[in-house]
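Engineer: Sharing a structure here in structure tokens format.
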Amino acid sequence: MLRATRCNLALVASLLVALAGCADSSPEAPGRLIVDDVAMADETSGENWLAFGRTSSELRFSPLTQINDANVAELSPDWVLELPEDRGLASTPLVVEGVMYFIGSMNRVRAVDATSGALIWEYDPQVRDYVERLRVGWDHSRGIAYWNDKVYVATWDGRLNAVDAATGRELWSVHTIEPGLAMYITGAPKVFKGKVLIGNGGTENGPNRGYVTAYDAETGEQAWRFWIVPGNPADGFENDAMAMAAETWTGEWWRHGGGGNAWHGFTYDAELDQLYIGTGNGSPWNRKIRSPDGGDNLFLCSIVALDPDTGEYIWHYQTVPGDTWDYNSNMDIVLTDLEIDGRERQVMLHAPKNGFFYVIDRATGEVLSAEKFVETTWASSIDLETGRPVEVPGSRYEDGIAMVTPSPLGGHNWHAMSFNPEAGLAFYPAIHLNRSWDDSGIDLETFQAEQWTGGTGVGGGLGGASPREDGLLSSLQAWDPVRKEIAWEVPLPGLYNPGTVTTAGNLVFQGRIDGSFVAYRADTGEELWTTDLGLGITAPPITYSVDGRQYVALLVGWGGVMAGLGGALQASYGWSYGVHTRMLVAFSLEGGASLPVQPDPVVPVPIEDDFEVDAEMATAGAAFFGQRCNLCHGPGSVSGGLAPDLRASRIISSLERFASVVRDGRRADDGMPAYRDITFDELVSLQHYIRDRAEAGLAAGGGGG
Ligand code: CA
């Protein structure tokens, strides 16, 4: 049963007997750890970082104490791997027996020596050969998985690939998304009991119906699939859970797909042998359209407990019945035990978009507490008797218009939450933002999901303001799940800061979008150490140990959806496209490496030329830009550094050169896809729109917007 070659002190008491005698036996080659459920459940061995949340509990808590609150000020760079071909870097690296594995731009995976950064192998899944649309996500992967000498790589285009951990050779590859569906993968696969699980995103991209699929980790053969929302009843339901869910939908919901896509937040509970899936929001967002006579719309915005062997439904808890605000529940599901009201409970911690911090009994799904962690106006409280929110009348934009907090970015998004059992606190970046909703101009009966393009009304727009008196948009919060309150809070810059790691050394580490990397005392929030990495950070850190030396490492590469969509706000940091060095950095107490010298932040200056903008063409170009370009290049072509700020591009002025990039794919290797179906008129209208924005930027006094 126990196949680890190292002596792991497994949590499971019954295994301790089996472990006796492990200390002096080393039957297999050194430097090899068979990762299985035992290794994944072992919270006591801090050498490795085996999964997105380190172990299957997703605590992101390390028992390592070499670096601690007394000496963290001495932390310095131990090694640096520069990554000149990467752009946005959002992922959590893994460390297994001295080898670090990480996924970067274009879903390329590299294995490096975790003590030096020296490259061991590189695996390129060639995503650009597979993607016909939705190309924005080439840099958005949040991580990979490891199991029995294999690395699992989910690609943006929907493949799940297994790679030999020793060589980087591809062992198998399966398509997890049916051809033609506008879905994608940004999440890390999760492995448990010899199976590898993956979901998908795409709720916002048309009539999609979310699901998760488990595959045999050795062969890639499909083991089971769980659909998150019911399909057309005329086609029959896949299982009893879908028949039950269908009772909570109205109208012809299946025409819109329903959504619910699970793109993050999968946790395997080794103690209870259950799998928890955090599910997504409805498609389209507005319930009046997808389920016109109301209904809870199961299993949107829920945690669903499944049998890990069969994918069969066990229980669910829905955080937002009848979602109509994009309040998905895809955020981390963190497992721990807490003493609540004098009783030891096996719980999960969950801080979804809807603004309430949940403590849920993971055996039954019973909500033990749910309190607001950010300003939250859609509901006044969660009724613990029923588990249902007490909604505030008007917030459902019943009459067409409402101002609601949190915004669709959520009170907390995907950015990793960690929990320190010793301090008893959970750490996550909170977002303080409201948003106005307005569907008054929309024909709800004829609305087609395809019309949703991040545009108006029931759809996108991330505008809004902080609802706080201090105007703060983001903060690092420490939540006490027993006292049900914020223990401490630290202001953060901007809007969309990365996730955390916490350690038994009484520390919390977090990068920031302003380029600083900071260590705090876990129990008090006191800032103990900070360093400037010279480029905005999107990825969460990890910590691990090799040959007795503890390291703290993270990827440094400004990116992610807000780098583009945030436009002017994010651009104000000056992380202009391609200017600053992307890198993987490891720190230790004995580090002697130096960081690359980064240029100062720069704000692109729109170019001036004698191009004459035609206002009508520019208007047509604006619509096209909003549909096809702004996710990367930013609203108004004010990029926040994810892609070039097109106002400063000389290519635009020449229609010939512009066509060679946009239509012919001349910059495909840099991540700019070829839009071969673009018409000449569309290309010209785009040119006029971008030049119009450049002139507006110049008139406004240069860059930044
Ligand atoms: Ca969503």
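Engineer: Here are Arg691, Arg676, Arg657, Arg666: which of them is open to solvent by less than 40 Å² (accessible area, probe 1.4 Å) and of a type in the set (Lys, Arg)? Before you say what the answer is, go through the steps one by one.
Structural biologist: On the way: Arg676 fails: open to solvent by less than 40 Å² (accessible area, probe 1.4 Å); Arg657 fails: open to solvent by less than 40 Å² (accessible area, probe 1.4 Å); Arg666 fails: open to solvent by less than 40 Å² (accessible area, probe 1.4 Å).
Result of the check over Arg691, Arg676, Arg657, Arg666: Arg691.
Engineer: Of everything in region 398-442, what is over 20 Å from Arg483 (Cα atoms), assigned to a loop (DSSP other than H, G, I, E, B), out of contact with any Leu (no Cβ under 7 Å at 6 or more places or on another chain) and of a type in the set (A, V, I, L, M)? Give them in sequence order.
Structural biologist: Across region 398-442, the qualifying residues are Ala416, Ile442.
Engineer: Could you list all residues from region 294-303 that are crowded, with 24+ Cβ neighbours inside 10 Å and assigned to a loop (DSSP other than H, G, I, E, B)?
Structural biologist: Step one: list which residues in region 294-303 are crowded, with 24+ Cβ neighbours inside 10 Å, which gives 297-303.
Across region 294-303, the qualifying residues are Asn297, Leu298, Phe299, Leu300, Cys301.
Engineer: Mind listing whichever residues of region 253-273 are of a type in the set (A, V, I, L, M, F, W, C) and either part of a loop (DSSP other than H, G, I, E, B) or out of contact with any helix residue (DSSP H, G or I) (no Cβ under 9 Å at 6 or more places or on another chain) (or both)? Quick ask: steps written out before the conclusion?
Structural biologist: Taking region 253-273 first, the residues of a type in the set (A, V, I, L, M, F, W, C) are 253-254, 262-263, 266, 270, 272.
Result: Ala262, Trp263, Phe266, Ala270, Leu272.
Engineer: Any chance region 548-555 includes a residue that's of a type in the set (Val, Ile, Thr) and not in a strand (DSSP E or B)?
Structural biologist: First, the residues of region 548-555 that are of a type in the set (Val, Ile, Thr): 552.
Subsequent filtering for residues that are not in a strand (DSSP E or B) retains none.
No, every residue in region 548-555 fails to be of a type in the set (Val, Ile, Thr) and not in a strand (DSSP E or B).
Engineer: Within region 304-316, is there a residue that is open to solvent by 10 Å² or more (accessible area, probe 1.4 Å), hydrophobic (A, V, I, L, M, F, W, C) and more than 16 Å from the ligand (Cβ to nearest atom)? Write out each step before concluding.
Structural biologist: As a first pass, look at region 304-316 and keep what is open to solvent by 10 Å² or more (accessible area, probe 1.4 Å): 307, 309-310, 312-316.
Among the residues that remain, those that are also hydrophobic (A, V, I, L, M, F, W, C) are: 314-315.
The next check asks that each one be more than 16 Å from the ligand (Cβ to nearest atom); those that pass are 314-315.
Yes, region 304-316 contains at least one residue that is open to solvent by 10 Å² or more (accessible area, probe 1.4 Å), hydrophobic (A, V, I, L, M, F, W, C) and more than 16 Å from the ligand (Cβ to nearest atom).
Engineer: Give me the pairs, please: first residue somewhere in region 598-620 and acidic (Asp, Glu), second residue anywhere and part of a helix (DSSP H, G or I), beta-carbon distance under 7 Å, and either six or more positions apart or on two chains.
Structural biologist: Matching pairs, first to second residue: Glu608/Leu698; Asp609/Ser653; Asp614/His688.
Engineer: OK, next. Tell me yes or no: at least one residue of region 330-340 is of a type in the set (Ser, Thr, Tyr), away from the ligand (no atom under 16 Å from the Cβ), more than 15 Å from Gly265 (Cβ to Cβ) and in a strand (DSSP E or B). Working first, answer last.
Structural biologist: We begin by selecting, within region 330-340, every residue of a type in the set (Ser, Thr, Tyr); these are 336.
Narrowing further to those that are away from the ligand (no atom under 16 Å from the Cβ): 336.
Restricting the remaining residues to those that are more than 15 Å from Gly265 (Cβ to Cβ) gives 336.
Subsequent filtering for residues that are in a strand (DSSP E or B) retains 336.
Checking region 330-340: at least one residue is of a type in the set (Ser, Thr, Tyr), away from the ligand (no atom under 16 Å from the Cβ), more than 15 Å from Gly265 (Cβ to Cβ) and in a strand (DSSP E or B).
Engineer: Looking only at region 213-231, how many residues end up being away from the ligand (no atom under 16 Å from the Cβ) and open to solvent by less than 40 Å² (accessible area, probe 1.4 Å)?
Structural biologist: Narrowing region 213-231 to residues away from the ligand (no atom under 16 Å from the Cβ): 213-227, 230-231.
Filter again for open to solvent by less than 40 Å² (accessible area, probe 1.4 Å), leaving 213-215, 217, 220, 224, 226, 230-231.
Residues flagged as away from the ligand (no atom under 16 Å from the Cβ) and open to solvent by less than 40 Å² (accessible area, probe 1.4 Å) within region 213-231 amount to 9.
Engineer: Against the definition (of a type in the set (Lys, Arg) and assigned to a helix (DSSP H, G or I)), how does Arg657 come out, yes or no? Steps first, answer last, please.
Structural biologist: Values: of a type in the set (Lys, Arg): yes; assigned to a helix (DSSP H, G or I): yes.
Yes; evaluated as a whole, the condition is true for this residue.
Engineer: May I ask you to say which residue of Ser639, Ser654 is without any contact (Cβ under 8 Å) to a residue 40 or more places away in the chain and among the small types (Gly, Ala, Ser)? It would help to see each step written out before you state the result.
Structural biologist: Numbers: Ser639 fails: without any contact (Cβ under 8 Å) to a residue 40 or more places away in the chain.
Unique residue meeting the criteria: Ser654.
Here's the yes/no breakdown for (1) within 27 Å of Thr446 (Cα to Cα); (2) open to solvent by 10 Å² or more (accessible area, probe 1.4 Å):
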{"position": "Asp235", "(1), (2)": "yes, yes"}
{"position": "His256", "(1), (2)": "yes, no"}
{"position": "Tyr268", "(1), (2)": "no, yes"}
{"position": "Glu271", "(1), (2)": "no, yes"}
{"position": "Gln318", "(1), (2)": "no, yes"}
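Engineer: Moving on. Take region 190-206 and flag every residue that is within 15 Å of the chain's Cα centre (by Cα) and not basic (Lys, Arg).
Structural biologist: Going through region 190-206, the residues within 15 Å of the chain's Cα centre (by Cα) turn out to be 190, 198-203.
If the condition is that a residue be within 15 Å of the chain's Cα centre (by Cα) and not basic (Lys, Arg), then Ile198, Gly199, Asn200, Gly201, Gly202, Thr203 are the ones that fit.
Engineer: Exactly one of these conditions fails for Gly143: (1) open to solvent by 10 Å² or more (accessible area, probe 1.4 Å); (2) modelled with pLDDT of 95 or more. Give me its number.
Structural biologist: In the conditions (1) open to solvent by 10 Å² or more (accessible area, probe 1.4 Å); (2) modelled with pLDDT of 95 or more, Gly143 misses (1) alone.
Engineer: For region 607-635, what are the residues that are in a loop (DSSP other than H, G, I, E, B) and either open to solvent by 30 Å² or more (accessible area, probe 1.4 Å) or within 22 Å of Arg87 (Cα to Cα) (or both)? It would help to see each step written out before you state the result.
Structural biologist: In the first step, residues of region 607-635 are kept if they are in a loop (DSSP other than H, G, I, E, B); the result is 607-614, 629, 634.
Those that are in a loop (DSSP other than H, G, I, E, B) and either open to solvent by 30 Å² or more (accessible area, probe 1.4 Å) or within 22 Å of Arg87 (Cα to Cα) (or both): Glu608, Asp609, Asp610, Phe611, Glu612, Val613, Asp614, Cys629, Gly634.
Engineer: Among the residues of region 388-424, what is the count of those that are away from the ligand (no atom under 16 Å from the Cβ) and touching a strand residue (DSSP E or B) at 6+ places or on another chain (Cβ under 8 Å)? Even if it seems obvious, please write down each step before you answer.
Structural biologist: Filtering region 388-424 down to residues away from the ligand (no atom under 16 Å from the Cβ) leaves 388-403, 405, 416-424.
After this cut, where a residue has to be touching a strand residue (DSSP E or B) at 6+ places or on another chain (Cβ under 8 Å) as well, the list is 388-392, 394-397, 400-403, 405, 416-421, 423-424.
Number satisfying all stated conditions: 22.
Engineer: Follow-up question, since we're still on this one. Within region 156-169, identify whether any single residue is open to solvent by less than 20 Å² (accessible area, probe 1.4 Å) and touching a helix residue (DSSP H, G or I) at 6+ places or on another chain (Cβ under 8 Å), and answer yes or no. If you could, list the steps in order and put the result at the bottom.
Structural biologist: Kept after step one, since they are open to solvent by less than 20 Å² (accessible area, probe 1.4 Å), are these residues of region 156-169: 156, 158-163, 165, 168.
Restricting the remaining residues to those that are touching a helix residue (DSSP H, G or I) at 6+ places or on another chain (Cβ under 8 Å) gives 156.
Within region 156-169, one or more residues are open to solvent by less than 20 Å² (accessible area, probe 1.4 Å) and touching a helix residue (DSSP H, G or I) at 6+ places or on another chain (Cβ under 8 Å).
Engineer: Here is a further query. Filtering region 172-210 down to residues that are away from the ligand (no atom under 16 Å from the Cβ) and among the aromatic types (Phe, Trp, Tyr), which residue is nearest to His415 (Cα to Cα)?
Structural biologist: Here the residue is Phe192.
Engineer: Assigned to a loop (DSSP other than H, G, I, E, B), within 16 Å of the ligand (Cβ to nearest atom) and more than 22 Å from the chain's Cα centre (by Cα): is that true of Gly322 in this structure? Spell out how you get there, then give the answer.
Structural biologist: Working: assigned to a loop (DSSP other than H, G, I, E, B): yes; within 16 Å of the ligand (Cβ to nearest atom): yes; more than 22 Å from the chain's Cα centre (by Cα): yes.
For Gly322, the condition - assigned to a loop (DSSP other than H, G, I, E, B), within 16 Å of the ligand (Cβ to nearest atom) and more than 22 Å from the chain's Cα centre (by Cα) - is met.
Engineer: Given the condition surrounded by 23 or more Cβ atoms within 10 Å (Cβ to Cβ), in the same structural domain as Asp86 (by TED's automatic domain parsing) and not in a loop (DSSP other than H, G, I, E, B), answer yes or no: does some residue in region 521-537 qualify?
Structural biologist: Taking every residue of region 521-537 in turn, none turns out to be surrounded by 23 or more Cβ atoms within 10 Å (Cβ to Cβ), in the same structural domain as Asp86 (by TED's automatic domain parsing) and not in a loop (DSSP other than H, G, I, E, B).
Engineer: Could I ask something else about it? Please go through region 159-180 and give me each residue that is modelled with pLDDT of 95 or more and in a loop (DSSP other than H, G, I, E, B), ordered by number. Explain how you work it out, then say what you get.
Structural biologist: So the first thing to find is which residues in region 159-180 are modelled with pLDDT of 95 or more, and the list is 159-176.
Within region 159-180, Ala165, Ala166, Thr167, Gly168, Arg169, Thr176 meet the criteria.
Engineer: When residues of region 186-208 are filtered for being touching a helix residue (DSSP H, G or I) at 6+ places or on another chain (Cβ under 8 Å) and modelled with pLDDT of 95 or more, how many remain?
Structural biologist: The total comes to 3.
Engineer: Any chance you could count how many residues in region 275-293 are more than 16 Å from the ligand (Cβ to nearest atom) and open to solvent by less than 10 Å² (accessible area, probe 1.4 Å)? Steps first, answer last, please.
Structural biologist: Kept after step one, since they are more than 16 Å from the ligand (Cβ to nearest atom), are these residues of region 275-293: 275-276, 288, 291-293.
Within this subset, residues satisfying the condition of being open to solvent by less than 10 Å² (accessible area, probe 1.4 Å) are 275-276, 291.
Adding up the residues that qualify gives 3.
Engineer: Follow-up. Residues Glu375, Glu371, Glu385: which one is open to solvent by 10 Å² or more (accessible area, probe 1.4 Å), more than 16 Å from the ligand (Cβ to nearest atom), closer than 30 Å to Ser91 by Cα and part of a loop (DSSP other than H, G, I, E, B)?
Structural biologist: Numbers: Glu371 fails: part of a loop (DSSP other than H, G, I, E, B); Glu385 fails: closer than 30 Å to Ser91 by Cα.
Step by step, each of Glu375, Glu371, Glu385 is checked, and only Glu375 is open to solvent by 10 Å² or more (accessible area, probe 1.4 Å), more than 16 Å from the ligand (Cβ to nearest atom), closer than 30 Å to Ser91 by Cα and part of a loop (DSSP other than H, G, I, E, B).
Engineer: Also: Which of the residues belonging to region 26-45 are more than 24 Å from Gln274 (Cβ to Cβ) and either modelled with pLDDT of 55 or more or crowded, with 18+ Cβ neighbours inside 10 Å (or both)? First the steps, then the outcome.
Structural biologist: Taking region 26-45 as the starting set, the residues that turn out to be more than 24 Å from Gln274 (Cβ to Cβ) are 26-33.
Answer for region 26-45, where residues must be more than 24 Å from Gln274 (Cβ to Cβ) and either modelled with pLDDT of 55 or more or crowded, with 18+ Cβ neighbours inside 10 Å (or both): Gly31, Arg32, Leu33.
Engineer: Now for a separate question. Inside region 249-273, can you point out the residues that are out of contact with any Pro (no Cβ under 7 Å at 6 or more places or on another chain), under 25 Å from Pro308 (Cα atoms) and away from the ligand (no atom under 16 Å from the Cβ)?
Structural biologist: Once the filter is applied, which keeps residues that are out of contact with any Pro (no Cβ under 7 Å at 6 or more places or on another chain), under 25 Å from Pro308 (Cα atoms) and away from the ligand (no atom under 16 Å from the Cβ), region 249-273 yields Phe266, Thr267, Asp269, Ala270, Glu271, Leu272.
Engineer: Return the pair list, or none, for Cβ contacts closer than 7 Å from residues in region 281-295 that are among the aromatic types (Phe, Trp, Tyr) to residues that are within 9 Å of the ligand (Cβ to nearest atom), at least 6 apart or on different chains.
Structural biologist: Final answer for the pair search is Trp285/Asp326.
Engineer: Condition test on Pro498, is it at pLDDT 95 or above, in a loop (DSSP other than H, G, I, E, B), on the phi < 0 side of the Ramachandran plot and within 20 Å of the chain's Cα centre (by Cα)? Before you say what the answer is, go through the steps one by one.
Structural biologist: On the way: at pLDDT 95 or above: yes; in a loop (DSSP other than H, G, I, E, B): yes; on the phi < 0 side of the Ramachandran plot: yes; within 20 Å of the chain's Cα centre (by Cα): yes.
Taking the combined requirement at face value, the residue satisfies it.
Engineer: Out of region 199-217, which residues are under 22 Å from Glu312 (Cα atoms) and not basic (Lys, Arg)? Explain how you work it out, then say what you get.
Structural biologist: First, pick out the residues of region 199-217 that are under 22 Å from Glu312 (Cα atoms): 199-201, 208-217.
Correct list: Gly199, Asn200, Gly201, Asn208, Gly210, Tyr211, Val212, Thr213, Ala214, Tyr215, Asp216, Ala217.
The values are calculated or read from the model by the stated rules, or taken from the named source; none is laboratory data. Being a predicted model, the structure only gives us computed values, none of them experimental. Counting neighbours? That spans all protein chains shown, and the Cβs are built from the backbone with ideal geometry, glycine included. Please note that ligands, DNA and RNA were not included when accessible areas were found on the heavy atoms of the full protein model with its side chains. Shrake-Rupley method; radii C 1.70, N 1.55, O 1.52, S 1.80 Å.
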